[in-house]
Each structure stands twice: as structure tokens, then as C-alpha cells.
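The values are calculated or read from the model by the stated rules, or taken from the named source; none is laboratory data. Note that the coordinates shown come from a computational prediction; the quantities given were computed from them, not determined experimentally. Cβ atoms come from the backbone with ideal geometry, glycine included; neighbour counts cover every protein chain shown.
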Amino acid sequence: MTIKKIGLMALMLLTATCGTSGALAEKQYRHIQRIAVWAPSMTIGGPAFDNQTIRMVVHASVGGSSLVLHLSNLRGTTPLVVGKVSIAAQAHGAETAAGSLRPVTVSLARNFTIPAGAEVVSDPIPMTVDAGQNLLVSMYLPQATRSATWHSDAFDTTYLSESGSGDRSDDADGGSYIKSTTSWYYLSGMDIVSRADGTVVAFGDSITDGYNTPVGAYARWPDYLARRLADDRHPMGVVDAGIGGNRVLTDVPNIWQGISAIKRFGHDALEQPGVRTVILMEGINDIGNDAGPDGGPLTAQDLIDGYRKLIRQAHDAGVRIVGGTMLPNKGAGYYTEAHEAIRQACNQWIRSSGAFDGVIDFDRAMQDPSDPLAMRASYDSGDHLHPNAAGMQAMANAVDLRLLTK
């Protein structure tokens, strides 16, 4: 039996024995709506840690209560010993808000081991969170680790205590956290109980991941979409499942850019609690690297066949999938006339095939009116491939919210 299953059994036992009668509690438990509100996609290749504490920021896309964390050794090759985990509201930097620190347990234990290739789910944490609120999750790692399961490009700040400094997970102040990075480690999700109408997963590459957006500004297009949904009559959780450099068809030789979309789609998108709709925008890295299947050159049909596989996976899981057209990128390093022909052919198929449950025309929303093959200058981060914050907001504004709430 895996640790993850043990954790769920403990949750069921706790629910059946707390407060009211077992039958009533069982009925209440079945009617809880748990949804994912934050869940970065994880890859291999992170740094090692040794007897130190990692304090990470989690930005909730929608509000709710009874928090659950997902802790991951999915890409690890050796067991991960976890000494302690805590969660708190963020006051400033690594400092927690007064009185907000809560212990995090797995199967009622504060210390546990996550096997290589596995993830665990925490017990419910009696805590509420508001839409857009920041929480601090601290993880103490008492033993030397190997390469971490991580999300490299967090565009948020993670705080680290000194190697060998011991357990600082219950520190309310941030004084022991003397270093910082912009990656997340071993923390792969947060779910809540919420009245929100399910979860939307934004699935893609560095454009979805937020490359070139300011650290801690939450200026990725999924962040702007989450704020639009929070203000809508039908609020929903939003999960950003983008990975920089990721491809649809093939794994990336640079291991921290992840396995292919086809391989990771089930785990990173379809298994998110409460997922109703996936927005897929990916393929420009396949095109830019001419990365066809089996090491051959890429064709538009190859990429379309990959999209069809993802659509089939989503529909088999009972999840709607909305296709996003790829952005204009004239002037970027990826751009050639041959590459552009593939992008145009794939975008036209996305628009007209009817294979997706809906379409978001990011391409048209981002075009320079004087040159539709290029990104509008006011939306360009400077590399002609990745949008700046204004461009990210324009992408979010291009989403017809009715596509997500059907």
C-alpha cells in the first residue's frame, strides 16, 4: 500500500469518528467539493538539500477552507525523508502572519517518507484562504537529499535556511531564511473545499508558465484569468500547468523542461481535483526545435496528431478541452518561413477542425495590426516570443468565460 493511499484511509477514518455520528460524518464527507487551486507541474533536476528548511509561497487562485497539500517525490530516484511540514498565512517575505501557523500531517504523522516516484496527500488542514491570498509552506528535510523534484521557473520567491541549520518550519519570523531562489521544491499542489465551480487547468509551455514576467507579481495569463473568474458569477480554481521549454510530442533533452505533454497530461491536468476544463496552448517548442516524433523533422500533421491524442485523453476522462492558438513570433529565434508555415497550419486546424470543445484565438489577440506574423510591440517582453505583463493580461482577456463554465 502506498503512502498516498494510507493518507486517504486516515482521512476517511478521521472523518468517520470526529464529532457527529459516523453515518452523518460519512454523508457530509461525500458532499465535500474539493478542487485544485494551485498545482505547478514538477520535473527532475533540482538541487540537493541537507538538514535545512524550505519555505515556499503558494498563491491561491480562489478561496475556500480545509486545505490539503500534495507533496511530491515524483521525479526522485531515492526515498525523501520529510521531518516536518507547516503552513501559514504570509505576512511579508518569509515572515508568517501572527497566529496563523498550522502543522501539516500525512496519515496523522508530522514526519514521513515519500518513496521514489510517489506523491502523498496531507490530512485536511483547518484553515481558510481567500482568492489571491499568499500562504507559506515550510518543509524541513533532515537528511541529505539528491536531485530534487521541482518546478524551476516559479516566478515567485522561495526562502531557504542555511544547510545544516535544522528544523525552522515552525519559525514565525523569517530571520533563519537567509537565502532565496525562484523555484518550488517537492510541493506539487494545494486543494481546498470551495463553492467555486470546479477547476480550469492552463496547460502549456513557458508562455503559460509566465517566462519573463516579474517575480511575485502573479502576472502570468492564468493569474489574470483567475482574477477574472474570481470576479465572475461562476468563480473557478485555476491551475497553471506550464513548463518552460516543454513540447507536445517529445521529451526535452534538458531534463528540467520536462517530459512531453502527451506523457504528463494525465497527471498534471486530468488528475487535478475538480477539473472541468483544460485550456491547451502548446507546440511552439516542437516547431522551433523541428522536433518530430522518432527524431525526424516535424510536420504540421505530427503536431495535429499530438493534439488529437490529448483531446482523446481529456474526453476519455470526461474533461472538456479548449484549444488555444499559438502566438505570433516573427523576429524570435524560432522564426523561419518553414516554421511559420507549420504554426499557421496548426492554428487553422485548431480554429476550424471542431476537434476541441472550444477555441481561444490567442494568436489574433496578440498580433501586431501592421504585421500579423509578429507580436504587438506593447505586448512583447523583448524576445518576440514571450508576452510581457500587458500581453499576459490581453491573453486572459481573450478567454470567453462561457467556454469554461458550460
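Please state which one of 98, 48, 94 is crowded, with 23+ Cβ neighbours inside 10 Å and either small (Gly, Ala, Ser) or touching a residue at least 40 places away in the same chain (Cβ under 8 Å) (or both). Even if it seems obvious, please write down each step before you answer.
On the way: 98 fails: crowded, with 23+ Cβ neighbours inside 10 Å; 48 fails: crowded, with 23+ Cβ neighbours inside 10 Å.
Testing whether each residue is crowded, with 23+ Cβ neighbours inside 10 Å and either small (Gly, Ala, Ser) or touching a residue at least 40 places away in the same chain (Cβ under 8 Å) (or both) leaves just 94.
Working carefully through the options 278, 319, find the one that is over 28 Å from residue 374 (Cα atoms) and within 18 Å of the chain's Cα centre (by Cα). So that I can check it myself, show each step before the final result.
Details: 278 fails: over 28 Å from residue 374 (Cα atoms).
Exactly one of 278, 319 is over 28 Å from residue 374 (Cα atoms) and within 18 Å of the chain's Cα centre (by Cα), namely 319.
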Pull out all pairs, ordered by first then second residue, where Cβ-Cβ is under 7 Å, the residues are six or more apart or on different chains, the first lies in region 365-382 and is within 23 Å of residue 400 (Cβ to Cβ) and modelled with pLDDT of 95 or more, and the second is hydroxyl-bearing (Ser, Thr, Tyr) and buried (at least 18 other Cβ atoms within 10 Å of the Cβ). 366/379
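Does residue 269 count as in a strand (DSSP E or B), out of contact with any Cys (no Cβ under 7 Å at 6 or more places or on another chain) and not β-branched (Val, Ile, Thr)? Give the steps one after another, and end with the answer.
Details: in a strand (DSSP E or B): no; out of contact with any Cys (no Cβ under 7 Å at 6 or more places or on another chain): yes; not β-branched (Val, Ile, Thr): yes.
Criteria not met by residue 269.
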Taking only region 51-67 into account, find how many residues are surrounded by 20 or more Cβ atoms within 10 Å (Cβ to Cβ) and part of a loop (DSSP other than H, G, I, E, B). 3
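What residue, of 251, 286, 205, 294, is crowded, with 24+ Cβ neighbours inside 10 Å, of a type in the set (Asp, Glu) and more than 18 Å from the chain's Cα centre (by Cα)?
Numbers: 251 fails: crowded, with 24+ Cβ neighbours inside 10 Å; 205 fails: more than 18 Å from the chain's Cα centre (by Cα); 294 fails: crowded, with 24+ Cβ neighbours inside 10 Å.
Residue meeting the stated conditions: 286.
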Within region 163-192, considering residues that are closer than 22 Å to residue 224 by Cα and of a type outside the set (Ser, Thr, Tyr), the one surrounded by the most Cβ atoms within 10 Å (Cβ to Cβ): 192
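Out of all the residues in region 131-152, is one or more over 19 Å from residue 95 (Cα atoms), of a type outside the set (D, E, K, R), crowded, with 16+ Cβ neighbours inside 10 Å and out of contact with any strand residue (DSSP E or B) (no Cβ under 8 Å at 6 or more places or on another chain)? Outline the logic, then answer.
Taking region 131-152 first, the residues over 19 Å from residue 95 (Cα atoms) are 131, 141-152.
From what's left, of a type outside the set (D, E, K, R): 131, 141-145, 147-152.
Next cut, crowded, with 16+ Cβ neighbours inside 10 Å only: 131, 141-142, 145, 147-152.
Add one more test, that the residue is out of contact with any strand residue (DSSP E or B) (no Cβ under 8 Å at 6 or more places or on another chain), and what stays is 131, 147.
Within region 131-152, one or more residues are over 19 Å from residue 95 (Cα atoms), of a type outside the set (D, E, K, R), crowded, with 16+ Cβ neighbours inside 10 Å and out of contact with any strand residue (DSSP E or B) (no Cβ under 8 Å at 6 or more places or on another chain).
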Residues in region 316-334: is at least one closer than 20 Å to residue 241 by Cα, modelled with pLDDT under 95 and among the hydroxyl-bearing types (Ser, Thr, Tyr)? no
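Matching residues to (1) modelled with pLDDT of 95 or more; (2) among the hydrophobic types (A, V, I, L, M, F, W, C):
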{"position": "248", "(1), (2)": "yes, yes"}
{"position": "256", "(1), (2)": "no, yes"}
{"position": "264", "(1), (2)": "yes, no"}
{"position": "273", "(1), (2)": "yes, no"}
Against the condition surrounded by fewer than 17 Cβ atoms within 10 Å (Cβ to Cβ), out of contact with any Gly (no Cβ under 8 Å at 6 or more places or on another chain), touching a residue at least 60 places away in the same chain (Cβ under 8 Å) and not in a helix (DSSP H, G or I), how does residue 331 come out, does it pass? no
Quick one: what pairs do we get from region 308-319, first residue aliphatic (A, V, I, L, M), second assigned to a helix (DSSP H, G or I), C-beta under 7 Å, 6+ apart or different chains? 310/261; 310/262; 310/265; 314/270; 317/270; 319/270
Can you tell me which of (1) more than 18 Å from the chain's Cα centre (by Cα); (2) modelled with pLDDT under 95 is the one residue 178 doesn't meet? (2)
Tally time: how many residues in region 209-226 are in contact with a helix residue (DSSP H, G or I) (Cβ under 8 Å, 6 or more places away or on another chain) and on the phi < 0 side of the Ramachandran plot? 10
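I'd like to check which strands (runs of 3 or more DSSP E) are fully inside region 68-143 and have at least 3 residues that are within 16 Å of residue 189 (Cβ to Cβ).
Numbers: elements: 80-82, 84-92, 102-104, 112-114, 119-121, 125-129, 134-141.
Once the strands (runs of 3 or more DSSP E) in region 68-143 are filtered for at least 3 residues that are within 16 Å of residue 189 (Cβ to Cβ), what remains is 119-121, 125-129, 134-141.
I'd like the full set of residues that are buried (at least 20 other Cβ atoms within 10 Å of the Cβ) and over 13 Å from residue 132 (Cβ atoms), limited to region 223-244.
Step one: of region 223-244, the residues buried (at least 20 other Cβ atoms within 10 Å of the Cβ) are 223-226, 229, 235-244.
Within region 223-244, 236, 239, 240, 241, 242, 243, 244 qualify.
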For residue 311, which of the numbered conditions (1) in a helix (DSSP H, G or I); (2) in contact with a helix residue (DSSP H, G or I) (Cβ under 8 Å, 6 or more places away or on another chain); (3) of a type outside the set (Gly, Ala, Ser) fails to hold? (2)
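Results for (1) in contact (Cβ under 8 Å) with a residue 12 or more places away in the chain; (2) part of a helix (DSSP H, G or I); (3) among the polar types (S, T, N, Q), shown as yes or no for each residue.
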{"position": "248", "(1), (2), (3)": "yes, no, no"}
{"position": "265", "(1), (2), (3)": "yes, yes, no"}
{"position": "277", "(1), (2), (3)": "yes, no, yes"}
{"position": "287", "(1), (2), (3)": "yes, yes, no"}
{"position": "290", "(1), (2), (3)": "yes, no, no"}
{"position": "303", "(1), (2), (3)": "yes, yes, no"}
